[in-house]
Every structure is written in C-alpha cells, then in structure tokens.
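S.K.: Can you keep this structure in mind? I'll have questions shortly.
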Amino acid sequence: MSKPGQAQQRILTKKWYLYLTEFFAGMSVMAVELGASRLLAPYFSSSQIVWTIIIGTIMIAMALGNVWGGRSADRNPNPDKLYGRMLIAAVWIAAIPFIGKMVILGISALLVMTVNTNFLIWAAFLSCMIVFVYPLFLLGTVTPSLVKFSVSSLDDSGKTVGTLGAANTIGSIIGTFIPTFVSIPAVGTAATFVIFSGILLLLSAVYFISVRRGALKVIISVILFAGCSAAALSFGFAFWEKHLTLEDESVYNYLQVQEDDSRVILSTNVLFGVQSVYIKNDTLTGMYYDYALAAPMMLEQQEQTDLLVLGMGTGTYATQCRRYYRDMHIEGVEIDGKITDLAHEYFALPDDIPVTTYDGRAFLGGTDKKYDIIMVDAYQDITIPFQMSSREFFTTVRSHLKENGVMIVNMNMISQDENGINAYLADTIASVFGNVYTADVKGATNRELFASDNPAMIENLRKHTQETDSQELAEMMQEVQARLVPYSAGNRILTDDKAPVELLGMQTIDAMISRELDYYRDKFEKEGIKGLIG
C-alpha cells in the first residue's frame, strides 16, 4: 500500500478541496441524469417508463461505484487513483452527445430486427447501460474515496462524513435545477454535458498540478475533451438530416423544423413523425386536423362559436378553423412557450389568437369560461399525460362546454388491440359523455374521437356539410362521415388514481413497430444487411 507524498498530504489537509470535489461530483451526476433524459427523449420519448430506466440504471452504476470505490480506497488510499478516474469520467461524459446518439441509433436498428415486444424498454435500457453506466460508476467511487482521505480520526469522523454528504446533496440539488432551467434551454443538451464534464476535468487537473505529476494524463485528457466537445457541439439529434430549418431545445422538448416549397413541419421527436404542419397554399393538410374540422359542423349553429385547443402546438388546427370558420373565436393552451414562438415565426399563427403558456388541465381548473368546442391534442406519441387522460379530466372538460358542445380528442396511436390505450381512452370518455364517435384517419396512425351530450351531432354534421360554400371542406366532411363509427362504451376506465397510460402506450407502440417493420425484417432475413442498405 502506497503512502501519500508531501504534496498529496498538503492537498489532503485542505479538506475544503475534498468537499469541493464532492460538491461538483454530486452536481455532475444529477446533470448527467437530466441530460440523459433529454438525450433519450427525441428517440424514445420522455415517458415515465424512460425516466424509470434512466434512474434505475444510474442508481445501479452509483451503487457499484460506491462498493468498488470503498474497497479500492482501503487497498490503496492514493488520491491519484480517484482523480485519474475523474479524468476518464470527464472525457467520457464530453463524448456522450457525439457517440451516444450513434449508439442509440445502432441499438435501435439492431433491436427492430430482433425484438417483437417491449422495443422501447429494451432500446432505452441497453442505451443507458452502454452510454451512462461506466462514467457514473466512476463518479460513484468519489464519496467512499473522499471519506477515506478526509477522515483523520474517529473523533471527528461523523462531522467529516456529514459535511461530505451535505456537499454532495447540495451539489445534487443545484445540478438538478441548472440543467433544467438554465443550461439546456440556453445552450442545449450537448453543451450541458460539455460544461459539467469540463468542471470534472478542471477539478482533476488542479489536483494533478498541485501534486506536480500526472501532467501527461492531464494533457491527453484535455486533448480528448477538446475533440469530443467539438464533435458533440456540432452533432445534432437528427444528424443524418442535412436540410433542417431549425434544431433547438426548450425546457420540455426537442424541436425540429423542416421547410420546403409547400409546407413547414414541426417534429418534437426524431423517431415518431410530425407534430404540427403549415400548408403554404392554404389548403387542407392531409392529416388529422382535417378530420377535426367536423367538430364545428356538429354544433346546432356555427356563428360566433368559441374554440379552445388544449395542446396548441404551432396552431395548425387553429389556423385551419380560422380559414374555414371565419366567425370563430379561438384560443389555445400550450405548455411549451418556445413552441408558441415557433408558431408565430414559422407557422403563420395569427397574432389575434391568444395562447396561454400553461398545463391544459390546470388552465381549465383556473377558468369558469365555457366553450362550444374543446380540442384535446396533448398526446404526443407514447407520452400521454395521465392527468389529461382520466375520467376526472374529461369531466372537467365537459363542465367547460356549453350546452350541446363538442369535445375532440386526437388519439395518435391506432391499435387493433381491444385492450389498448385507445380503448381505455374511449371507454373513459364514454363514461362521461352521452354520444361518442370515432374516425380513423386515412393513411395515418391517428384516430379522431368526437364526444358530446347532443344526440343530434351527426345530423348537424350532415346538414352543415350540405350548406357549406367550400367544396373542398364539403368533400372532406363527406369522407369523415363515411369513417365515423359510434362507440359502444366498455368498462376500461382511467382515473387520477389509476391511469397506466405509459404501459398501455408501450404495448401499442410495440404493435405499430411490429407491423411497420415486417417488410424490413423479411428483407433482412432473405438478403441480409446488404438488402437493407440497398
């Protein structure tokens, strides 16, 4: 067992430096954990399931690091070992935004050919294990090692260990808030990884400089850090896309805008398609928004109607309604203010349509206003907010509708499973409203649900379709009528207390992936990887 030299003894007697190391190690762990959620979300969603996988794998890594670090410190209490591990962790964390994205896509490509169930669970779990476990294992060795270095006698061991624990906890608290509210919205996920890896690198470099050795380790680490950082900051989430108009992040979402001569689209997830669209020639979108235009025609009268959109996005539905129903008063609620900014900048959302930056359910809880139409468009791929899927929520929506008002819900994962997420949502809605109809969107994975207490809602639709001056709208409404199916209520009810929407959504995603990828699996089995590339 080696003994600390004089230079090491000097820095070990300065316990404030050890406390500082513990503080920034705790901060970096939490920053990496939050960064992990943002790195995975554009590919696998930000559902509770993905969060559970992130937290679980990180806790495994930290626990293993604690055990190994304690034993290592007992065998060889040399701070060089600890700060050397921190150098490795710093370089690895800086490389995550660059290498991690390729690892995620590589694992996804492999699993879609081999896994039939729980694809997102396996993909997210393996990605976390490969990308995040090792650097956090190394950071898990920090606390037991510092305890070994800082406890000089049993007389003050409790005080010293308590101070180290407090430093770690305070660092973790700050490391929770800074990425979420400062660094990720301001400079992005990649830069956040770089910033906190740079802090670890600086701590380690100061140590090695103070003990006057390890210069080669530091120089190599700085060079690798610089290279990884440069690659990370220039490597987007959709790095294969060459013509993006915008790639950005907000507090809530990854944001991607693409524009061509005919349309502008917003995606908030790399793997799950389009969230909003703006058609430049003022025609129908060809998406579920066109089907939702049937809601105003289900009312008794269409003059001076009030529409509320929960989940406004960039305002596609609001813009469509303004085009075809000019007397309609429209307002929206969107939790992500940055998306609202994009709506005005890229998607031609009229300035006179107010948008409140708030949670949809909380907004309803704070207003007494009633509306003729309420559209619920807050379900984004697998990420379905449970508080906006329960019977209590839909009861609140119903209470904010005028007499014979209509609610529209966009359900974006069509499933033939009679116990799938759509069946639960429809049963829950049917337990609140007297009349429920659904229409599957042609050529898409969306299903529009219309609910009202007015038994004449379909008759109104037919009547107003015949009366409209727009041939384009009339033809669209005829297609909606042909696809409308009355829904027979079941007993699968979601409540505020019990709403397993993530698991139900995961099952639907598995079924969708299985259907969509059958072609590629068959091609892979017959022709191998060359067939896929071709």
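The values are calculated or read from the model by the stated rules, or taken from the named source; none is laboratory data. Just so it is clear, the model here is predicted, and its values are computed rather than measured. For neighbour counting, all protein chains shown are included, and Cβ atoms are generated from backbone atoms with ideal geometry for every residue, glycine included.
S.K.: With the condition kept exactly as written, say whether any residue in the stretch 350-365 is of a type outside the set (Asp, Glu) and under 23 Å from Asp260 (Cα atoms).
M.R.: Residues of the stretch 350-365 that are of a type outside the set (Asp, Glu), as a first pass: 350, 353-358, 360-365.
Filter once more, keeping what is under 23 Å from Asp260 (Cα atoms): 350.
The answer is yes; a qualifying residue exists.
S.K.: Now for a separate question. Taking the stretch 211-256 as the region of interest, how many residues are surrounded by fewer than 17 Cβ atoms within 10 Å (Cβ to Cβ), modelled with pLDDT of 90 or more and either under 23 Å from the mean Cα position of the chain (by Cα) or of a type outside the set (A, V, I, L, M) (or both)?
M.R.: Of the residues in the stretch 211-256, 1 are surrounded by fewer than 17 Cβ atoms within 10 Å (Cβ to Cβ), modelled with pLDDT of 90 or more and either under 23 Å from the mean Cα position of the chain (by Cα) or of a type outside the set (A, V, I, L, M) (or both).
S.K.: Would you confirm whether or not the stretch 156-163 contains a residue that is in contact (Cβ under 8 Å) with a residue 40 or more places away in the chain and not β-branched (Val, Ile, Thr)? I'd like the intermediate steps shown before the answer.
M.R.: Keep residues of the stretch 156-163 that are in contact (Cβ under 8 Å) with a residue 40 or more places away in the chain, which gives 160, 163.
Checking which are not β-branched (Val, Ile, Thr) leaves us with none.
Within the stretch 156-163, none of the residues are in contact (Cβ under 8 Å) with a residue 40 or more places away in the chain and not β-branched (Val, Ile, Thr).
S.K.: Just one of the numbered conditions (1) touching a Phe, Trp or Tyr at 6+ places or on another chain (Cβ under 6 Å); (2) surrounded by fewer than 18 Cβ atoms within 10 Å (Cβ to Cβ) is not true of Gly162; which one?
M.R.: It is condition (1) that Gly162 fails.
S.K.: With the condition kept exactly as written, say whether any residue in the stretch 259-274 is farther than 28 Å from Ser47 by Cα, buried (at least 16 other Cβ atoms within 10 Å of the Cβ) and at pLDDT below 85.
M.R.: no
S.K.: Could we say that Ile384 is closer than 19 Å to Tyr487 by Cβ and either over 26 Å from the mean Cα position of the chain (by Cα) or modelled with pLDDT under 95 (or both) here?
M.R.: Details: closer than 19 Å to Tyr487 by Cβ: yes; either over 26 Å from the mean Cα position of the chain (by Cα) or modelled with pLDDT under 95 (or both): yes.
Yes: the conditions hold for Ile384.
S.K.: Looking only at the stretch 134-163, which residues are charged (D, E, K, R) and at pLDDT below 80? Spell out the reasoning first.
M.R.: Keep residues of the stretch 134-163 that are charged (D, E, K, R), which gives 148, 155-156, 159.
If the condition is that a residue be charged (D, E, K, R) and at pLDDT below 80, then Asp155, Asp156 are the ones that fit.
S.K.: Within the stretch 116-142, which residues are in a helix (DSSP H, G or I), surrounded by fewer than 21 Cβ atoms within 10 Å (Cβ to Cβ) and touching a residue at least 40 places away in the same chain (Cβ under 8 Å)?
M.R.: Just the residues of the stretch 116-142 that are in a helix (DSSP H, G or I), to begin with: 119-131, 133-140, 142.
Cutting the leftovers down to surrounded by fewer than 21 Cβ atoms within 10 Å (Cβ to Cβ) gives us 121-122, 125-126, 129-130, 133-134.
Selection gives Ile121, Phe125, Met129, Val133, Tyr134.
S.K.: Restricted to the stretch 448-462, and to residues that are assigned to a helix (DSSP H, G or I) and in contact (Cβ under 8 Å) with a residue 60 or more places away in the chain, which residue is nearest to Tyr371 (Cα to Cα)? Before the answer, list the steps.
M.R.: As a first pass, look at the stretch 448-462 and keep what is assigned to a helix (DSSP H, G or I): 457-462.
Next, only the ones that are in contact (Cβ under 8 Å) with a residue 60 or more places away in the chain stay: 457-458, 460-461.
Details: Met457: 16, Ile458: 19, Asn460: 18, Leu461: 18 Å.
Among residues in the stretch 448-462 that are assigned to a helix (DSSP H, G or I) and in contact (Cβ under 8 Å) with a residue 60 or more places away in the chain, the one nearest to Tyr371 (Cα to Cα) is Met457.
S.K.: Just checking: which of the helices (runs of 4 or more DSSP H) contained wholly in the stretch 33-115 hold 1 or more residues that are under 30 Å from Val206 (Cβ atoms) and in contact (Cβ under 8 Å) with a residue 12 or more places away in the chain? It would help to see each step written out before you state the result.
M.R.: Values: elements: 48-75, 79-95, 101-112.
Because the criterion is at least 1 residues that are under 30 Å from Val206 (Cβ atoms) and in contact (Cβ under 8 Å) with a residue 12 or more places away in the chain, the helices (runs of 4 or more DSSP H) in the stretch 33-115 that meet it are 48-75, 79-95.
S.K.: Give the residue, chosen from Thr468, Thr445, that is more than 30 Å from Phe44 (Cα to Cα), hydroxyl-bearing (Ser, Thr, Tyr) and either outside the structural domain of Asn118 (by TED's automatic domain parsing) or free of Cβ contacts under 8 Å to residues at least 40 places away in the same chain (or both). Steps first, answer last, please.
M.R.: On the way: Thr445 fails: more than 30 Å from Phe44 (Cα to Cα).
Just a single option satisfies the conditions, and that option is Thr468.
S.K.: Yes or no: the stretch 64-82 includes at least one residue that is of a type in the set (S, T, N, Q), crowded, with 23+ Cβ neighbours inside 10 Å and at pLDDT below 95.
M.R.: Residues of the stretch 64-82 of a type in the set (S, T, N, Q): 66, 72, 76, 78.
Of the ones still in play, those that are also crowded, with 23+ Cβ neighbours inside 10 Å are none.
No - not one qualifying residue is present in the stretch 64-82.
S.K.: Right, another one. Just checking, which of Leu461, Leu503 is among the hydrophobic types (A, V, I, L, M, F, W, C) and closer than 20 Å to Phe386 by Cβ?
M.R.: On the way: Leu461 fails: closer than 20 Å to Phe386 by Cβ.
Residue meeting the stated conditions: Leu503.
S.K.: Next up: Would you please name the residue that is farthest from Arg213 (Cα to Cα), looking only at residues in the stretch 63-110 that are in contact with a helix residue (DSSP H, G or I) (Cβ under 9 Å, 6 or more places away or on another chain) and basic (Lys, Arg)?
M.R.: Per the criteria, the residue is Lys101.
S.K.: Would you check if Val409 is over 16 Å from Tyr289 (Cα atoms), of a type in the set (Val, Ile, Thr) and surrounded by 19 or more Cβ atoms within 10 Å (Cβ to Cβ)? It would help to see each step written out before you state the result.
M.R.: Details: over 16 Å from Tyr289 (Cα atoms): no; of a type in the set (Val, Ile, Thr): yes; surrounded by 19 or more Cβ atoms within 10 Å (Cβ to Cβ): yes.
No: the conditions fail for Val409.
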